[in-house]
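For reference, the structure discussed in these notes is given below.
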Amino acid sequence: MMNHKTFSIFLLAFFLTTGCKVNYSFTGASIPEGTETVSVYDFPNMAPLVNPALSNQLTEALKDKFMTQTSLQLVPQYGHLSFEGSIVDYRTQPMAIQANSDVAAQNRLTISVKVKFTNEKNPKANFDTSFSRYADYDSDKDLTSVEDALVEQILDELIDDIFNKAVVNW
């Protein structure tokens, strides 16, 4: 068993010989040392059903997440971390059919995005992945009456998924 002095020397040697440092934030993000910038390119809406505001909402929400949860500087292009992609699906469909009826009790709004993440400092972290989230709403409500709230909820979840995959290494 190591005594306190031996352990302290071992710990000091470990920290002195460790060449790769990672910065951690209170959000659990692990950003490689030397990573100072992030770029978020516009996410065009390529879905068959288009919500005209969605592209801007998604792009700005991802930028906001990195600006508020990390110390990275947002740059228009060529960031040490970069995100690009597109909205590939935006649809509503009936769910839970009511008993003794052909009417759905609930409908589901689904948003799917394709994201290409590039990490200039750690290429092993790069990914090209699709993310999809949904929210259900009562069928007695018109989509236009609940759409804004549902989109906000779904985007929050999608942004968290993208952020976590890119910079939270648990």
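The values are calculated or read from the model by the stated rules, or taken from the named source; none is laboratory data. Given the structure is predicted, the values throughout are model-derived calculations rather than measurements. For neighbour counting, all protein chains shown are included, and Cβ atoms are generated from backbone atoms with ideal geometry for every residue, glycine included.
Side notes on the structure shown:
- Only a single item in (1) touching a Phe, Trp or Tyr at 6+ places or on another chain (Cβ under 7 Å); (2) in contact (Cβ under 8 Å) with a residue 60 or more places away in the chain is not met by F127, and it is number (2).
- Candidate set from segment 106-139 (those that are surrounded by 15 or more Cβ atoms within 10 Å (Cβ to Cβ) and aromatic (F, W, Y)); member that is farthest from P94 (Cα to Cα): F117
Conditions (1) without any contact (Cβ under 8 Å) to a residue 40 or more places away in the chain; (2) not charged (D, E, K, R), marked per residue:
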| residue | (1), (2) |
| --- | --- |
| A47 | no, yes |
| K65 | no, no |
| Q73 | yes, yes |
| A105 | yes, yes |
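- For segment 40-54, the criterion of being of a type in the set (D, E), at pLDDT 95 or above and more than 13 Å from L155 (Cα to Cα) is satisfied by at least one residue.
- Of the residues contained in segment 12-32, none is found to be assigned to a loop (DSSP other than H, G, I, E, B), at pLDDT 85 or above and on the phi < 0 side of the Ramachandran plot.
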